[in-house]
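The values are calculated or read from the model by the stated rules, or taken from the named source; none is laboratory data. None of the values given here were measured: they were computed from a predicted structure. FYI the Cβ positions are ideal-geometry reconstructions off the backbone, even for glycines, and counts take in every protein chain you see.
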């Protein structure tokens with residue numbers, strides 16, 4: 001368990017471990033959508049570099065293509081100040097708006 005009570009969860013559908021049950025459930029739903037052809041190019045844990053020196057990164061939970069647009073998602077139980085800062089920074093640098101689930 002982490003400090004927010006999330007338990008690492010393995011998904012048979014995705015064949016991977018997730019940081020929480022909530023993230024695993026969303027990962028399974030997205031995997032099934034990809035298999036059904038509703039989304040494409042599902043990617044787990046995409047990393048974005050916010051600053052090179054010092055190296056500061058933001059890692060989202062999922063990235064995929066839906067209707068020709070790239071969607072970046074992050075599953076959050078608790079939205080910390082650090083995460084809010086990184087999301088604003090990412091949007092300012094790249095124009096990417098992360099969808100919080």
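Couple of notes before you dig in:
- Filtered residues of region 33-60 (kept if over 16 Å from residue 71 (Cβ atoms) and in a helix (DSSP H, G or I)): 35
- Region 71-96, residues that are loosely packed, with under 14 Cβ neighbours inside 10 Å and without any contact (Cβ under 8 Å) to a residue 12 or more places away in the chain: 80, 81, 82, 84, 85, 88, 91, 92, 95
- Residue tally, condition part of a helix (DSSP H, G or I) and surrounded by fewer than 16 Cβ atoms within 10 Å (Cβ to Cβ), over region 7-24: 1
- Residues satisfying the stated conditions in region 48-60, i.e. surrounded by 10 or more Cβ atoms within 10 Å (Cβ to Cβ) and free of Cβ contacts under 8 Å to residues at least 40 places away in the same chain: 49, 51, 56, 57, 58, 59, 60
- All positions within region 41-72 that are within 18 Å of residue 92 (Cα to Cα) and in contact with a helix residue (DSSP H, G or I) (Cβ under 7 Å, 6 or more places away or on another chain): 48, 50, 58
- Scoring residue 25 on the criteria (1) closer than 20 Å to residue 96 by Cα; (2) modelled with pLDDT of 95 or more leaves a single failure, condition (1).
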